[in-house]
Amino acid sequence: GLTRWVVERTFAWLHQFRRLRVRYERRADMHEGFLRLGCAMICWRTLSNALRDPFPFC
């Protein structure tokens, strides 16, 4: 369903970051930090694109 597609898309976006493809970090807190940084960068990119072109389909 739709939920599965959203999760798969999110994992595909996170897979763009080399440090998150293979877990190099031994410490869980360091891995979580890189994961949060990756999510923040994805959100930043999405929001900046939305502000640049607020109505892409009009």
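The values are calculated or read from the model by the stated rules, or taken from the named source; none is laboratory data. Since the model is a prediction, treat every value here as computed from it, not as a measurement. Reconstructed Cβ throughout: ideal geometry from the backbone, glycine too, with neighbour counts over all protein chains shown. Just the protein is used for accessible areas: all its heavy atoms, side chains included, with ligands, DNA and RNA removed. Shrake-Rupley method; radii C 1.70, N 1.55, O 1.52, S 1.80 Å.
Across the chain, counting alpha-carbon atoms alone, Rg and Dmax equal 14.2, 48 Å. To test your reading of the geometry: what angle, between 0 and 90 degrees and rounded to tens, separates the Cα axis of helix 2-14 from the longest principal axis of the chain? In the chain, helix 2-14 runs at an angle near 60 degrees to the longest axis. Helix 28-52: angle to the longest alpha-carbon principal axis of the chain, degrees 0 to 90, nearest 10? Computed tilt is about 10 degrees.
Entry note, the chain: the mean residue ellipticity at 222 nm calculated from DSSP H runs of n ≥ 4, each adding -39500 (n - 2.57), is -23500 deg cm²/dmol after division by the residues and rounding to the nearest 500. Averaged per residue, the chain has 94 square angstrom of accessible surface, using a 1.4 angstrom probe with ligands and nucleic acids left out. Ligands, DNA and RNA left out, the 1.4 Å accessible surface of the chain is 64% carbon and sulfur atoms.
Given R0 = 35 Å, the distance between the Cβ atoms of Phe57 and His15 translates into a calculated FRET efficiency of 0.80.
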